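These notes are about the structure you will find just below.
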Amino acid sequence: MNFKRSTTSMAIALMALSLISMTSIQQDAFAQSQGMSLTAMADRNSDTITVTGKTISKITDVTFRVTSPSGNNVVGIGQVSPDVNGEFTTEFKIGPTWTENGFYTVTAMQSPQQSSLYTLKVLVEVANGMAKKTLVTETNMESGLVYTTPNVATDKGIEIYADAVIGSTTINIEGTTDRVSQDVTLTITAPNGNVVSVAQVSPMLNGEFTKEITIGGPLWKQNGFYTVSAKQFDDPKYTASTEVDIKDGVVVPEFGTIAAMILAVAIISIIAVSAKSRLSIMPRY
């Protein structure tokens, strides 16, 4: 057996294997060394949209454009430089030009050639000049492919709000969840702990849900704070509650500090006017 020839063959095989491994590593490194990510965040009924992101390319600024749902109007523009880590952030205020209701498109661009790797878009819903709760991300940094998460809060669980007009006999329940495959169970409990209403509602694709509850009747005779609870899973993150003050079967107005001051001034004014009137009608000697 020719050991010299065998050793030479083994060396050539090892070199070939090393070259293949190095080429594979370089390809993987190249595949993950380009692209950017973009995230838009907004609280419910907020007038501020926060946009953050990260880019591999740090040599050029990131420019932004916000367009209306119809696509006819540009309502916001901006430009920001990435930091040493490639991270960037900016904010957009919802103003008078945001007259349309619907999904506004936030576009971030960094490449002069309009490369798809450095041009990303996210959607933020705005209604009546206020943002819907939003946490949406678009990225192509890891796979080289663009994917978008649903336009709802990620891993934030469930939130619930109860809106009612003073003196009304209906409660409008609104909420958001990041799990749209499961119905939400709504339970309203009286101040004494009795359950007065139970309902189920299916979240929409964007995670929002609404339900109108009619109050009044024998079950709603107790005055005080009624608890509105929403539950989707056994996980505490998917159980939320709020309260509504009800008296005599209707929603009770909640007087704040300003309202209390106005009421106090009104009472003092009435007393002062009454006292002055009494003095004016007293006979003079």
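Just so you know, all these numbers are worked out from the coordinates, no wet-lab data involved. Everything numeric here is computed off the predicted structure, so don't read it as measured data. Positions of Cβ are generated from backbone atoms using ideal geometry, with glycine treated the same way; all protein chains shown enter the neighbour counts.
For this structure, a couple of remarks:
- Highest-first arrangement of 175-181, 98-104, where packing means the average Cβ count within 10 Å: 175-181, 98-104
- Counted by Cβ distance under 15 Å from Ala131, the other residues give a net charge of -4, where Lys and Arg count +1 and Asp and Glu count -1.
- Close amide H contacts of Gly35 (hydrogens built in the peptide plane, cut-off under 5 Å, sequence separation of 5 or more or a different chain): Ile56, Ser57.
- Members of Lys58/Lys121; Lys54/Lys132; Lys121/Lys211; Lys58/Lys132; Lys132/Lys211 lying beyond 27 Å, as alpha-carbon distances in this model show: Lys121/Lys211; Lys58/Lys132
- Modelled spin-label separation between Thr239 and Thr99, with each label point placed 7 Å from Cα along the Cα-to-Cβ direction: 4.8 nm.
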